[in-house]
Structures are given as structure tokens and as C-alpha cells.
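Below you'll find the structure, written out as C-alpha cells, and then a few comments.
Laboratory data are not the source of any read-out in this text; all were calculated from the coordinates shown. Because the structure is a prediction, the values reported are computed rather than measured. Quick reminder, even Gly has a Cβ in these numbers, built from the backbone with ideal geometry, and neighbours come from all protein chains shown.
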Amino acid sequence: MAAWNIGKVVENKQWSDSLYSLYVESEIEPFEAGQFVKIALEIDGEVIGRPYSLANPPHSRPLEFYYVKIPDGLLTPHLTKLGPGDKILVAPRAHGFMIIDEVPRSKHLWMMATGTGVAPFLSILETDKVWQRYERVVLVYAVRTLAELGYRERIDRISANHSGQFSFIPFISREMSDFALHGRIPQAIVDGRLEARAGMAISAADSQIMLCGNPHMVKDTTSTLIARGLKKHRRFEPGQITAENYW
Ligand SMILES: Cc1cc2nc3c(=O)[nH]c(=O)nc-3n(C[C@H](O)[C@H](O)[C@H](O)COP(=O)(O)OP(=O)(O)OC[C@H]3O[C@@H](n4cnc5c(N)ncnc54)[C@H](O)[C@@H]3O)c2cc1C
Ligand SMILES: NC(=O)c1ccc[n+]([C@@H]2O[C@H](COP(=O)([O-])OP(=O)(O)OC[C@H]3O[C@@H](n4cnc5c(N)ncnc54)[C@H](OP(=O)(O)O)[C@@H]3O)[C@@H](O)[C@H]2O)c1
């Protein structure tokens with residue numbers, strides 16, 4: 001099998017100073033919503049590849065990647081320069097266990113993301129399986145500023161399609177807004193603001209939690225949930241917390 005498929009950029013949409021969505025036409029083996037794939041560019045004669053979550057659901061094309069420009073990063077400053085028709089390398093197969101089939105059944109599913117960590121949840125939320133398996137689904141999405149709360153229209157559409165079953169809870173940490181909760185996810189679990197906003201409690205009996213993005217958020221939220229009686233989910237030792245760290 002070839003190490004890379006040659007993909008073609010369809011669009012590189014800029015949302016804010018640092019946030020982009022890259023749309024790519026490429027072959028890829030069938031994948032599950034929530035998985036990631038490596039993409040790469042040849043930079044100064046060297047192939048530099050990084051994993052990115054697929055933001056598109058498995059049934060739709062082009063492939064979609066939501067990324068933040070890391071100013072001194074090796075790959076992302078080069079990704080921002082891509083335009084329609086440019087070539088990009090795409091690994092043939094996606095990977096990852098943050099998929100609905102790996103999350104135990106329960107009453108409520110909480111998806112908690114920071115920044116671009118919302119991408120795998122966007123993909124999962126556009127599959128039928130998640131709506132068949134959970135009575136209520138909550139998307140918790142934390143960013144620094146309102147301008148960085150990408151994909152609002154898509155989230156609004158998901159909300160409209162699943163009203164009564166879906167709640168969207170944005171957090172904005174570095175600005176005040178009348179729309180989002182202020183501060184960070186773990187603190188809002190400790191002080192009760194998150195559950196009050198959702199109108200339901202987090203419990204080991206009724207909740208499954210998926211965490212994605214900043215590893216400090218994943219760690220702090222995991223500790224907070226463990227203190228509430230939940231535990232990490234493992235295939236052979238079922239629990240309630242499934243997580244993916246972006247770095
Ligand atoms: C399984 C997996 C899936 C991923 N999916 C995505 C995705 O969908 N979108 C995305 O933007 N990134 C994603 N990442 C991170 C991505 O692989 C790169 O690390 C990132 O784009 C930076 O690459 P770089 O070469 O420009 O920077 P590097 O030179 O590799 O610098 C890395 C540093 O940048 C910071 N950083 C990296 N990623 C992020 C991020 N997403 N948000 C905030 N700070 C970050 C950290 O401080 C990290 O130490 C994922 C990582 C993993 C492991
Ligand atoms: N966002 C920008 O303004 C900006 C601009 C240019 C470049 N960048 C680059 O992009 C990178 C990522 O920025 P980002 O804003 O997408 O991601 P981020 O730094 O992961 O922040 C996203 C959200 O996660 C929260 N968070 C951070 N640590 C947490 C923890 N321990 N527990 C709970 N929540 C936590 C942040 O809250 P806090 O605000 O409280 O930390 C923020 O609300 C930066 O490192 C920088 O290199 C960012």
C-alpha cells in the first residue's frame with residue numbers, strides 16, 4: 001500500500017486570525033465518525049505530517065479538517081497558504097478509538113471540546129448512530145473568544161434537526177458574553193453551572209463523557225469527573241470517560 005494518497009485542496013476557508021477549515025478531495029479507506037487521519041506536505045525536501053480529525057461525516061465528501069495555525073509550528077503555517085488545486089498528502093487509512101462504537105450505551109452523552117477538538121464531534125453528530133443510542137446529547141465547546149467559536153451555523157442546523165434531544169453549551173474564556181458560559185469546563189462542573197445550563201446531572205449511572213482537544217482540559221476535566229465517581233473507559237474495564245489529546 002502506498003504511504004500517501006495525493007489529495008487536492010478544494011477550499012481553505014479562514015474563520016478568524018488563526019482558524020481554518022481545509023477541504024480536500026482524496027481517496028481514503030472507509031472510516032468511522034470521530035477518527036483522524038495524517039495529512040502532510042513536503043517542506044524543504046522533507047515530508048512533514050500531522051494527525052487531524054475528520055470533521056466531515058463518513059458519508060460526505062470532500063474530507064474536512066478544522067485546524068488552528070500554530071505560529072511557530074512546523075506544518076500549520078504551511079497549511080494556511082494552500083489554495084484550490086494545490087496538492088496535499090493524505091494517509092490512506094484513518095485511525096482512532098474516539099468513535100461511538102467504543103463508547104458504552106447510556107442515557108446521556110456529553111461531548112466536551114476545546115478549540116479545534118470540536119471536529120470529531122461535528123462528524124459524529126451528523127451520523128444516525130449517536131441519535132439512536134442516547135436520549136440526550138450535549139455538545140460543550142470551549143474557546144477563548146467569540147470569534148473563535150467556529151461552525152455555529154452547522155451546530156445550529158444540528159440543533160434544529162434534533163431539538164429536544166440536543167443541547168449546545170458554548171464556553172468563552174477570555175471575553176464576557178450573554179450567550180456563552182464564562183471560564184473553563186472543569187470549574188463549571190465543580191460549581192454546578194454546566195449541569196444547571198444543560199438541565200441535567202452528570203452521573204456514573206446515566207452519563208458517558210467524550211473529551212477532546214487541549215490535554216490540560218482533558219486532564220483537569222477527567223480529575224473533576226473522577227472526583228464525582230466516574231472513571232476512564234477501557235475496553236475490558238468499562239467506565240464513562242473516553243478522551244483524545246491533541247498534543
Ligand atoms: C489524534 C490527533 C488529532 C488531531 N486533530 C487535530 C485537528 O483536527 N485540528 C487541529 O488543529 N489539530 C489537531 N491535532 C494537532 C495536530 O496534529 C498538530 O499537532 C497541530 O496542527 C500543530 O502542528 P504544527 O506542525 O503546526 O505544530 P508543532 O510544531 O507540531 O507544534 C505543536 C504545539 O502546538 C500546540 N497545538 C497543537 N495542536 C493544537 C491545537 N489543535 N490547538 C491548540 N494548540 C495546539 C501545542 O502547544 C503543541 O505542543 C491533532 C492531534 C492528534 C494527536
Ligand atoms: N486563540 C488565540 O487567540 C490564538 C491566536 C493565534 C494563535 N493561537 C495559537 O493557537 C494555539 C491554541 O489556541 P486555542 O485558543 O485554539 O486553544 P487552547 O489554548 O487550547 O484554548 C481553548 C480553550 O481551552 C481552555 N483551556 C485551556 N486550558 C484548560 C484547562 N486546563 N482546563 C480547561 N480548559 C482549558 C482555554 O481557556 P483559557 O482561555 O482559560 O486558557 C480556552 O477556552 C495557541 O497555543 C497559539 O499557539 C491562538
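Looking at segment 151-247, what % of its DSSP beta bridges pair antiparallel, to the nearest 5?
In segment 151-247, DSSP labels about 10 percent of beta bridges as antiparallel.
Quick one: work out Rg over Rh on the C-alpha atoms of segment 92-174, Rh as Kirkwood radius.
Radius of gyration over Kirkwood radius for segment 92-174 works out to 0.97.
Can you give the convex hull volume of the alpha carbon atoms of segment 120-247 per residue, in Å³? Please report the intermediate quantities before stating the final value.
Working: hull volume 15.4 nm³, N = 128.
Each residue corresponds to 121 Å³ of Cα convex hull volume.
Treating the beta-carbon of each Lys and Arg as +1 and of each Asp and Glu as -1, no other charges, what is the dipole magnitude of segment 21-174 about its Cα centre, to the nearest 20 debye?
Here the size comes out at about 540 debye.
Given a cut-off of 21 Å, what percent of all Cα-Cα pairs of segment 29-125 lie beyond it? Numbers along the way, then the final one.
Details: 1746 of 4656 pairs.
Looking at segment 29-125, the distances longer than 21 Å represent 38 percent of pairs.
Cut-off is 10 Å between beta-carbons; in what order do M176, M217, M111 appear when sorted fewest neighbours first? Write down the numbers at each step before the final one.
On the way: M176 8, M217 23, M111 26.
Lowest count first: M176, M217, M111.
Can you check what the Kirkwood hydrodynamic radius comes to for segment 53-105, Cα pairs only, in Å to one decimal?
13.7
For segment 99-186, which chymotrypsin sites (Phe, Trp or Tyr not before Pro) are both in a DSSP coil and crowded by at most 15 other Cβ atoms within 10 Å?
Qualifying residues, ordered by number: F179.
Quick one: Cα convex hull volume of the chain, Å³ per residue?
In the chain, the Cα hull volume divided by residue count equals 129 Å³.
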